[in-house]
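See structure below.
The values are calculated or read from the model by the stated rules, or taken from the named source; none is laboratory data. Computed from a predicted structure; not experimentally measured. No Cβ is skipped: glycine too gets one built from the backbone with ideal geometry, and neighbour counts run over all protein chains shown. What goes into the accessible areas is simple: the full protein's heavy atoms, side chains included, and nothing from ligands, DNA or RNA. Shrake-Rupley method; radii C 1.70, N 1.55, O 1.52, S 1.80 Å.
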Amino acid sequence: MTEDIIDLIKENVIQGRVTQDDEGLEEGMAGKPGVTELIGEAIEQGIGLSDIIKTGLTEGMETVGQKFEAEEYYIPDMLASAEAVGAAMEILEPHLAENGIEAKGKIIMATVKGDLHDIGKNIVSILLRGAGYAVKDLGNDIDPQTIVDAVKEERPQYLGLSALLTSTMMQMKDVIQALTDSGIRDQVKVIVGGAPVSEEFARSIGADGYGADGFDAVRAVESLASDKAKG
Ligand code: B1M
């Protein structure tokens, strides 16, 4: 029974069905429980939260990532799945603390100053949440000092910066410089991404990691976490 519900959660993440009213990608799914109803049922049945997250949500999202890379899925499909995971995490979040389940780490996300593009940053945030990280999203058009203040206050292990314009990507360098000037550069790993950003650019501005897309951003964070664990 436990496995049935978890499999159904996974399947509905892959189908991008937030609620029972959603159609999903396959025919005949409308009316059947979606991710939010299934998560409610799983909690009621006392199913382990880490199983729900690891197998239902994370594995579901990993499959979506593979389909996206294989060009079987496009951005709207990925967004629907990411939205389903986000909705699930919102329901689960209060239960995580009660059950002593800790997030893998804390990440502050921001789109840099002068840049209003936040769709990609929101996807990355949702995928990081789905992968088990606590994400504090500062929003878009965020100046370096606000980011520095948030890092001082929240003490995250990671800072994710997004930029979509060639005219704003250099703001990422300014943020890194502001962290250095404030004496807190070594307290946080900086991951950057966005359409005009490349791995080479990330290296040139002194960032610690680069994500080509949301799944790659999760991989970059996981790889920094494992480097840290190895010491
Ligand atoms: Co604008 N825009 N836009 N725009 N816009 C682009 C980016 C542009 C390429 C369009 C074009 O000309 N072909 C162009 C930039 C050109 C350049 O700089 N080289 C452009 C321009 C010029 C502008 C304005 C200047 C237009 C004007 O007013 N004259 C203006 C600037 C406003 C500002 O920011 N100050 C502007 C405004 C807007 C809207 C407000 C209308 C809207 C944004 C709405 C919003 O975000 N809430 C908008 C949109 C929607 C786009 C396009 C069409 C789509 C961007 C998007 O959401 N993509 C875009 C053209 C395009 O890309 N086809 C364009 C989907 C999203 C899922 O992808 O954001 O790349 P993306 O995120 C990906 C990856 O990049 C990566 O993962 C994400 C998920 O896969 N990623 C990360 C992103 N952040 C990451 C962080 C990471 C790791 C990975 O680690 C932390």
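Just to confirm my numbers, what's the Cα centroid distance between the range 1-74 and the range 111-136 in Å?
21
Which percent of the accessible area of the range 106-230 is formed by carbon and sulfur heavy atoms (probe 1.4 angstrom)? Before the final figure, lay out each step's value.
On the way: 2760 of 5650 Å².
Exposed carbon and sulfur together represent 49 percent of the surface.
I'd like the Karplus ³J(HN,Hα) series for the range 156-165: coefficients 6.51, -1.76, 1.60, θ = phi - 60°, whole numbers in Hz, and an x wherever there's a Gly or Pro.
So the J values, rounded to whole Hz, are x, 7, 9, 10, x, 10, 10, 8, 10, 10.
Under a 1.4 Å probe, what is the accessible area of the range 2-98 per residue, stated in Å²?
Per residue, the range 2-98 has 52 Å² of solvent-accessible surface.
Can you tell me the Rg and Dmax of the range 79-153, counting just the alpha carbons, in angstroms?
So, for the range 79-153, Rg and Dmax equal 13.4, 41 Å respectively.
Taking 7 Å along the Cα-to-C-beta vector as the label spot, tell me the residue 50-residue 154 distance in nanometres, rounded to one decimal.
Modelled inter-label distance: 2.5 nm.
How high is the FRET efficiency between residue 106 and residue 170 when r is their beta carbon distance and R₀ equals 22 Å, given to the nearest 0.05?
Given R0 = 22 Å and the Cβ-Cβ separation, E is 0.25.
So, in Å, what gap is there between the alpha-carbon centers of the range 182-231 and the range 80-96?
25
Going out from 0 in 5 Å bins, what whole percent of all Cα-Cα distances in the range 1-126 drops into each bin?
2, 11, 20, 22, 19, 14, 8, 3, 1, 0, 0
Once amide H atoms are built 1.01 Å from N in the peptide plane, which residues 5 or more positions from residue 111, or in another chain, come under 5 Å H to H?
Correct list: 139, 140, 141, 142, 162.
Which chymotrypsin sites (Phe, Trp or Tyr not before Pro) from the range 1-90 combine a DSSP loop assignment with at most 12 other Cβ atoms within 10 Å?
Working: sites: 68, 73, 74; in loops: 73, 74.
Here the sparse-neighbourhood loop sites are 74.
Rank 170, 89, 61 by mean-square fluctuation in a GNM of the chain with C-alpha springs under 10 angstrom and give only the top-ranked residue.
170
With springs only between Cα atoms under 10 Å apart, run a GNM on the chain and tell me which of 214, 24, 183 wobbles the most.
183
Grab the Cα-Cα distance for residue 66 and residue 184, subtract it from 0.36 nm times how many residues apart they are, and report the gain in nm with one decimal.
Full-extension gain reported as 38.8 nm.
Expressed as a whole percentage, what fraction of the accessible surface of the range 2-98 belongs to carbon and sulfur atoms when a 1.4 Å probe is rolled over the protein heavy atoms?
Of the solvent-accessible surface of the range 2-98, carbon and sulfur hold 48 percent.
Listed highest first by mean packing, meaning other Cβ atoms within 10 Å per residue, what order do 143-154, 119-130 come in?
On the way: 143-154: 16.7, 119-130: 23.4.
Packing order, densest peptide first, comes out as 119-130, 143-154.
Label points 7 Å out from Cα along the Cβ direction at residue 74 and residue 119: separation in nm?
So the label points at residue 74 and residue 119 sit 1.2 nm apart.
Which ³J(HN,Hα) values, rounded to whole Hz and listed in residue order, are derived for the range 196-204 from phi using the Karplus coefficients 6.51, -1.76 and 1.60 in 6.51 cos²θ - 1.76 cosθ + 1.60 with θ = phi - 60°, glycine and proline given as x?
x, 8, 10, 4, 5, 4, 4, 5, 5
Once Rh is set to the Kirkwood radius over Cα pairs, what Stokes-Einstein translational diffusion coefficient, in µm²/s, holds for the chain at a temperature of 20 °C and a viscosity of 1.002 mPa s?
118
At 0.36 nm per residue, minus the direct Cα-Cα distance, what do residue 23 and residue 90 gain on full extension? Give it in nm, one decimal, please.
Separation in residues times 0.36 nm, less the Cα-Cα distance, equals 22.0 nm.
Taking a temperature of 10 °C and a viscosity of 1.306 mPa s, what whole-number D in µm²/s does Stokes-Einstein yield for the range 106-230 with Rh from Kirkwood over alpha carbon pairs?
Values: Rh = 13.9 Å.
Calculated translational D: 115 µm²/s.
Ordering 117, 95 by how much accessible area each has at a 1.4 Å probe, largest first, what is the list?
Ranked from most to least accessible, the order is 117, 95.
Mind listing the long-range amide H neighbours of residue 189? Cut-off is under 5 Å, sequence gap 5 or more, other chains count too, H placed in the peptide plane at 1.01 Å from N.
158, 159
From Cα coordinates alone, what are the radius of gyration and Dmax values for the range 28-87 in angstrom?
According to the Cα coordinates of the range 28-87, Rg and Dmax are 12.6, 37 Å.
Can you show me the helix-derived [θ] at 222 nm for the chain, built from DSSP H runs with n ≥ 4 at -39,500 (n - 2.57) apiece and divided by the number of residues, rounded to the nearest 500.
Values: 9 runs with 116 residues, N = 231.
That calculation yields -16000 deg cm²/dmol at 222 nm.
What number comes out for the charge environment of residue 20, summing +1 per Lys or Arg and -1 per Asp or Glu over other residues with Cβ under 14 Å away?
Neighbourhood net charge equals -4.
Using θ = phi - 60° and the Karplus curve 6.51 cos²θ - 1.76 cosθ + 1.60, what whole-Hz ³J(HN,Hα) does each residue of the range 11-19 get, with Gly and Pro shown as x?
4, 6, 5, 4, 7, x, 9, 6, 10
I'd like to check one number: the per residue accessible area of the range 106-230, probe 1.4 Å, reported in Å² as a whole number. Walk me through the intermediate numbers first.
Values: 5650 Å² over 125 residues.
Averaged over the residues of the range 106-230, the accessible area is 45 Å².
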